Amino acid sequence: MDNNQGKRVIVVGTRQSALALTQTGQVIDELKRISEKHGFDYTFEVKKIVTKGDRILDVTLSKVGGKGLFVKEIEQALVDGKIDLAVHSMKDMPYELPEGLMNGATPRRVDPRDCLVTRQGGGLDDLPQGARVGTSSLRRSCQLKNARPDLQLESIRGNIDSRIRKLETEGFDAVVLASAGLTRMGWQDRISANIPVDVCLPAVGQGALGIECRENDQQIRELLALLNDKETELTVRAERSFLGSLNGGCQVPIGAYCIMGDEVEGQNGIRNLTMTGMVGSPDGATLLKEVMQGTDPEQLGKDVAAALVARGADRILAEIGG
């Protein structure tokens, strides 16, 4: 690695929410540490970018439509050379990236589970009969309806703080959020209970970040390679392969979670991957799940998707327009 590269200001693109800025700051801190360790003379600047998903707050995400609601404008800035890398929540990233862009690093994942923030405390089983629960995610609502058909699932948008405030201002009994977001903000104490993955499978890549860059920017690629966490990369690749095989956006009832085993398989030293994939109907009446193992992340994702399609997942997604 060439550590005699000249001074460079690296412009980092991000959404402007508190969570996006916090996780971008955490990534930059780590990149500074890596740069100093390897003798790179880099400084970092943050460029805030407003996305379509940030502008439209009065409509549920599933009705806004399209893929890449929270990344398109940021990716365009990358293509145009206005920024050098972008920090995304991996669950917001479509499977297909624009030509010339790549995912340069997947840092170590934090807790992938969904969680409940409730007025009374306690978990899913502790919610009163007919409780009002806020979420804008079809994936979450279909699984929660399947587990608790009595719940009243209602749309709720906005940043983490405003959604939590709506517990009081709009009379919700609970809101569903990603544990990772609260963890990154340092708000773990607000979590009433995490929802087990066997009750509510996370979104593809939930809890992980994707650091996107231009394929032809060798300096940035070398820097990001030092930030990459191999286990997170492989498990998220399997989940994203599953998403791509189903041609699903991030706002359809698709969930996936892949974990890496401890045992080394075969002569190539790869550890086994176990992936669970889910497709459900928005009303929660149908919930299809498959669990498979393998050592090739892309193939594993395709195999789980194919097994679900064989059981009718494609028809469910076609009805939703996913």
Original post:
Within the bounds of segment 281-290, is there any residue that is more than 19 Å from PRO112 (Cα to Cα) and basic (Lys, Arg)?
Top reply: no
Original post:
Between residues in segment 178-196 that are without any contact (Cβ under 8 Å) to a residue 40 or more places away in the chain and residues that are surrounded by 15 or more Cβ atoms within 10 Å (Cβ to Cβ) and among the small types (Gly, Ala, Ser), which pairs lie under 9 Å by C-beta distance while being six or more apart or on different chains?
Top reply: TRP187/GLY181; GLN188/SER179
Original post:
Just to be sure, is ASP283 closer than 20 Å to ALA208 by Cβ and acidic (Asp, Glu)?
Top reply: no
Subject >> Output for segment 245-256, where each listed residue is within 15 Å of SER137 (Cβ to Cβ) and modelled with pLDDT of 70 or more >> reply: VAL252, PRO253, ILE254, GLY255, ALA256
Original post:
For MET93, which of the numbered conditions (1) in contact with a strand residue (DSSP E or B) (Cβ under 7 Å, 6 or more places away or on another chain); (2) of a type outside the set (Gly, Ala, Ser); (3) at pLDDT 95 or above fails to hold?
Top reply: (3)
Subject >> helices (runs of 4 or more DSSP H) contained entirely in segment 179-280, each with at least 2 residues that are among the polar types (S, T, N, Q) and in contact with a Lys or Arg (Cβ under 7 Å, 6 or more places away or on another chain) >> reply: 230-245
Original post:
Among (1) out of contact with any Leu (no Cβ under 6 Å at 6 or more places or on another chain); (2) crowded, with 16+ Cβ neighbours inside 10 Å; (3) over 19 Å from MET275 (Cα atoms), where does ARG165 come up short?
Top reply: (2)
**OP:** State the number of residues belonging to segment 254-304 that are farther than 20 Å from ASP111 by Cα and of a type in the set (Gly, Ala, Ser).
**Re:** 8
**OP:** Please verify whether segment 283-296 includes one or more residues that are over 18 Å from the mean Cα position of the chain (by Cα), at pLDDT below 90 and not in a loop (DSSP other than H, G, I, E, B).
**Re:** no
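The values are calculated or read from the model by the stated rules, or taken from the named source; none is laboratory data. Please read these numbers as outputs of a predicted model, since none were measured by experiment. Reconstructed Cβ throughout: ideal geometry from the backbone, glycine too, with neighbour counts over all protein chains shown.
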